[in-house]
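Below you'll find the structure, written out as structure tokens, and then a few comments.
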Amino acid sequence: MLTKEELIQKISQGLGLLDGATGSNLRAVGMPKGCCTEQWVLEHPEPLVSLQRRYAQAGSQIIYAPTFQAQPIALKQVGLEAQTEKVNEALVSLSRSAAPGCLIAGDLTTLATFCDSWDPDCFDLLVENYRRQIRGLIGGGVDLLVGETLLYQQEAEAILCAAELEGAGAAMYSFTMQPDGSLFSGADAGKALKELEDAGAAAVGFNCVAADMMTPYLVSKLRRYVKIPLICKPNAGIPTIDESGAAVYAQTPEEFAGIMAQCRQNGADLLGGCCGTTPEHIAALNHVL
């Protein structure tokens, strides 16, 4: 794994383009809604490999492995809890085969769906789940860790603690936020990011918010709190719901790239896309940058 210092140095030398959405693109090619993504990808690897290969071709320099909810407490729902480490190793290997020239990030997320991850009494449960996942990610050979779509500061602190206990290197953290710059818990996002910077994070920021006129403002506000690289990985606008109940993102790659260019000007260092974005969105962003 890269160290924090090595990752920051690479970013200062021009590393800056992340990938786009995974789940929404896999659903578009047949992944059933509500299934365990990690299990489906292991059973149907080619759509994931094809998608990540296209992201690499579009210019992505960091690819997120499809390990979003590959924690024991989540994998237990499909009987894969005992294979947590092997599942993570296998998914990292898939991403490496798809994008051998890119850095591969081990992806971890909120556990709020499965436990009260905001409750201080659950901290040990969070740490143990993240430790087992991180063990598998390191075994698979990831270059860095990223905790994304986090809801509560305690989740990031648990990932940080688990990473330290497992001897992991560089780790980044991004929260889903409200437009006013607060976490969904109500906590001030800027202060939360500053505390993570002080605790050793390599990069911090946000993902899974709509790319709209407020996004560059949010970047500017957060930039005042931290000196380390800032992550900006929003959705392709605000979705509508179609007749099947699926989210539809209508923002074009050009519209997305225009907003993201403003985010770069306002201080974002690591840019990419979340829900609804495609390799075409990343290619347009790469062109603008």
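Remarks
- Against the conditions (1) modelled with pLDDT under 95; (2) polar (S, T, N, Q); (3) closer than 22 Å to ILE159 by Cα, SER244 satisfies every one except (3).
- Looking across the range 246-266 at every residue that is touching a residue at least 60 places away in the same chain (Cβ under 8 Å) and part of a loop (DSSP other than H, G, I, E, B), the one that is surrounded by the most Cβ atoms within 10 Å (Cβ to Cβ) is identified as TYR249.
- Every test in (1) crowded, with 24+ Cβ neighbours inside 10 Å; (2) among the hydrophobic types (A, V, I, L, M, F, W, C); (3) closer than 26 Å to GLU155 by Cα; (4) out of contact with any Phe, Trp or Tyr (no Cβ under 7 Å at 6 or more places or on another chain) is passed by ALA199 save one, and that test is (1).
- Restricting the range 271-283 to residues that are buried (at least 24 other Cβ atoms within 10 Å of the Cβ) and of a type in the set (A, V, I, L, M, F, W, C), the residue that is nearest to the chain's Cα centre (by Cα): CYS274
- Hits in the range 118-149 - residues which are outside any helix (DSSP H, G or I), surrounded by 21 or more Cβ atoms within 10 Å (Cβ to Cβ) and of a type in the set (Gly, Ala, Ser): GLY147
- Boolean, THR113 is surrounded by fewer than 16 Cβ atoms within 10 Å (Cβ to Cβ) and either of a type outside the set (Lys, Arg) or assigned to a loop (DSSP other than H, G, I, E, B) (or both): yes
- Filter pass, GLN77 being without any contact (Cβ under 8 Å) to a residue 24 or more places away in the chain and farther than 23 Å from ASN207 by Cβ: no
- Filtered residues of the range 98-140 (kept if over 21 Å from GLY16 (Cα atoms) and of a type in the set (Gly, Ala, Ser)): ALA112, SER117, GLY136, GLY139, GLY140
- Annotation: of all residues in the range 26-37 being of a type outside the set (D, E, K, R) and in contact with a helix residue (DSSP H, G or I) (Cβ under 8 Å, 6 or more places away or on another chain), the one that is surrounded by the most Cβ atoms within 10 Å (Cβ to Cβ) is THR37.
- Answer residue from the range 61-107, given it is within 30 Å of VAL288 (Cβ to Cβ) and among the polar types (S, T, N, Q) and is surrounded by the fewest Cβ atoms within 10 Å (Cβ to Cβ) among those: SER97
- Selection count, the range 38-60, where residues are hydroxyl-bearing (Ser, Thr, Tyr), crowded, with 20+ Cβ neighbours inside 10 Å and out of contact with any Leu (no Cβ under 6 Å at 6 or more places or on another chain): 1
- Test: residue in the range 157-174 that is within 18 Å of MET214 (Cβ to Cβ) and of a type outside the set (S, T, N, Q): no
- Output for the range 93-107, where each listed residue is part of a helix (DSSP H, G or I) and either more than 16 Å from LEU2 (Cβ to Cβ) or small (Gly, Ala, Ser) (or both): SER93, LEU94, SER95, SER97, ALA98
- Flag for LEU94 being hydrophobic (A, V, I, L, M, F, W, C) and within 22 Å of ASN235 (Cα to Cα): no
- Residue in the range 41-64 that is on the phi < 0 side of the Ramachandran plot, of a type in the set (A, V, I, L, M), touching a Ser or Thr at 6+ places or on another chain (Cβ under 6 Å) and in contact (Cβ under 8 Å) with a residue 24 or more places away in the chain present: yes
- Selection status of GLU164, of a type in the set (D, E, K, R), farther than 30 Å from THR252 by Cβ and surrounded by fewer than 18 Cβ atoms within 10 Å (Cβ to Cβ): yes
- Of residues in the range 14-24 being more than 13 Å from ILE282 (Cα to Cα) and touching a residue at least 12 places away in the same chain (Cβ under 8 Å), the one surrounded by the most Cβ atoms within 10 Å (Cβ to Cβ): SER24
The values are calculated or read from the model by the stated rules, or taken from the named source; none is laboratory data. Just so we're clear, the structure is a prediction, and the values are computed from it rather than from any experiment. Cβ: placed from backbone, ideal geometry, glycine included. Neighbour counts: every protein chain shown.
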